[in-house]
Amino acid sequence: MWGVFKAIGRAFKGAGTFVGRQFVRLFGSEAARDFAHSAQELLRSEVGQIVWRIVIELAATQMVPAVKFATAMADIKAEAARSGIEVKESLVRMLIEIAVQRVKGEFGDPPPELEG
């Protein structure tokens, strides 16, 4: 499953809501643009804000990627539960990968600031 997200992440490139040429070739420029915009909007949702904050915090650590991921999963699920949000693990995995790619500046506008 991570391979798909990594492949999509590698397709994202640059500043602005821009998506790599390979992604555009496969799905068309309108779909690529819509995907990049939608990915950014997911991070603005209530659970997306939780994911974004935790990914930002973990990005600043020296943990190895596997430990960062495990920590992110546990922390996100716990915080979501405390907030009364029921979220499936597959959705959390997707949001983590989107957030990681945004932190790396691989797609979209400059990374969004946390609200509140």
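The values are calculated or read from the model by the stated rules, or taken from the named source; none is laboratory data. Keep in mind that what you see is a predicted model, and the values were worked out from it rather than measured. A quick note on method: Cβ atoms are made from the backbone with ideal geometry, for glycine too, and the neighbour counts reach across all protein chains shown.
Per-structure values
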item	result
Qualifying positions in the stretch 27-51 - over 16 Å from residue 78 (Cα atoms) and either touching a residue at least 12 places away in the same chain (Cβ under 8 Å) or not in a helix (DSSP H, G or I) (or both)	28, 32, 33, 35, 36, 37, 39, 40, 42, 43, 44, 45
First in the stretch 52-65 and closer than 10 Å to residue 96 by Cβ, second anywhere and in a helix (DSSP H, G or I) and polar (S, T, N, Q), Cβ under 8 Å, 6 or more apart	58/71
Any hit, the stretch 12-34, residues being surrounded by fewer than 17 Cβ atoms within 10 Å (Cβ to Cβ), within 17 Å of residue 101 (Cβ to Cβ) and at pLDDT 80 or above	yes
Residues being surrounded by 14 or more Cβ atoms within 10 Å (Cβ to Cβ), part of a helix (DSSP H, G or I) and β-branched (Val, Ile, Thr) - total across the stretch 62-97	4
